[in-house]
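**Student:** Handing you a structure now.
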Amino acid sequence: MPVESNEPEGGWRGIFAVLQTPLREDGSADERSMRRQVDFCASCGGHGLVFPVLGAEFQYLADWERRDLLRVVVDQSAGTLPVVAGVAGPSRAVAAPLAADAADAGADAVIALPPYVSPATPDEIFDYYHAISDACGLPIFVQHAKLAPMAPSFLVRLLTEIENVAYIKEERDPSAHNITQVARDVGDACRGIFGGGHGRWMLSEMARGATGFMPAAQTVDIYVRIWDAYQGGDHTEARRLFNRHLPLINLIVLLGLPVCKEVLVRRGVITTNQMRTPGAADLDEGDHEELTQILADIEDLYTV
C-alpha cells in the first residue's frame, strides 16, 4: 500500500551514500557489517542512504536478499537518514512488486534504472516508471546510466507526466552536459538532480545545478567535506579537497567496486572485499600497494 514519504520541503540535497553489499568469506550477505556501514555513513555526516543499486551489485542478489537487507538498512538507520531503495528490474512486472515492498519496509524514496536486460521502447519505459509510482507512492529517482540511455527530453516527460517521479540521478557521460540540459528544460518539475559516477565530475556538476550526489560509501566523510565547502561558497577549498580525493576516485574507476569494499575493510566497517559480480577485479599486490599510498595521502581528511 502506498505510504507517505518523509521528504523535506524543497527536496533532498547532499551526499547520499550508496551502500555496498558486504559479504562473508563464504559469499553470504553479512548483516552485521551492513549495520556498521549504516552507522559509519551517519557518523561521516552523510545526508542519506541508497540500497541496493549498481554500487551494491543488486543484479547479483536474490530477491529475498534485496528485501531482507533493505529492512536491515531501514531498521539500523531508524529514521536518522532517509533511505532510497533500489527497485530496478528487467521489467515492470519485477520492479513494481519491489517498489511496493520498499514502501512496506519503510523506505523514504525509491530509485530505478529503466529495464536493463533487454532494451525497452520509450512507451515501455514510461509504463515501467508509472507502475513503480502506482505501487509505492514514494518519490522516485530515475537513474540515468549508460546501461539504458534516455534523451533529456524523455527524462523531462517522465518528470512532468508521472506522479512521484521527482528526481534524476544523472551519470551518463557527459553527465555535466546532461545536467545542464535537464535543469534548463524541466524547471520546477524536478526537485533535484543528483550526480553519480563516484563523484568524478562533482565540482562541474554542482556548478551546473546538481543538488546532490550518490557516491559509494567508502569515503563519505570526504565527499561531505567537499560538498560543505562548495555549498558554503569556498570553491577554492572544495577544489583542493577534490583534487586530493581524485586519485582514489581514479583507482575506483579503473578497478571497480573491489576498491570501495577494500577501503571499507581497511576502515573497519566491513570484514571482506568479497564480490558477487562475476569477473570482478581481484586486487593484486600492486593494487594494494597503490591503494595504501593513496589512502596515506588522504587519511587526515577522514572524520571518523
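**Student:** Can you tell me which of (1) within 20 Å of Gly11 (Cα to Cα); (2) touching a Pro at 6+ places or on another chain (Cβ under 7 Å); (3) among the hydroxyl-bearing types (Ser, Thr, Tyr) is the one Tyr128 doesn't meet?
**Tutor:** (1)
**Student:** Please indicate, with yes or no, whether at least one residue in the range 267-286 is of a type in the set (Lys, Arg), without any contact (Cβ under 8 Å) to a residue 60 or more places away in the chain and surrounded by fewer than 22 Cβ atoms within 10 Å (Cβ to Cβ).
**Tutor:** No, that holds for no residue.
Residues are listed down the side, and each one gets a yes or a no for (1) within 16 Å of the chain's Cα centre (by Cα); (2) farther than 20 Å from Tyr302 by Cα:
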position	(1), (2)
Phe194	yes, yes
Ser204	no, yes
Ala207	no, yes
Ile226	no, no
Asp234	no, no
Cys260	yes, no
Gly268	no, no
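Coordinate-derived values only; no laboratory data. What you see is a predicted model; the values in this text were computed from it and never measured. Ideal geometry is used to build each Cβ from the backbone, glycine not excepted, and the neighbour counts take in all protein chains shown.
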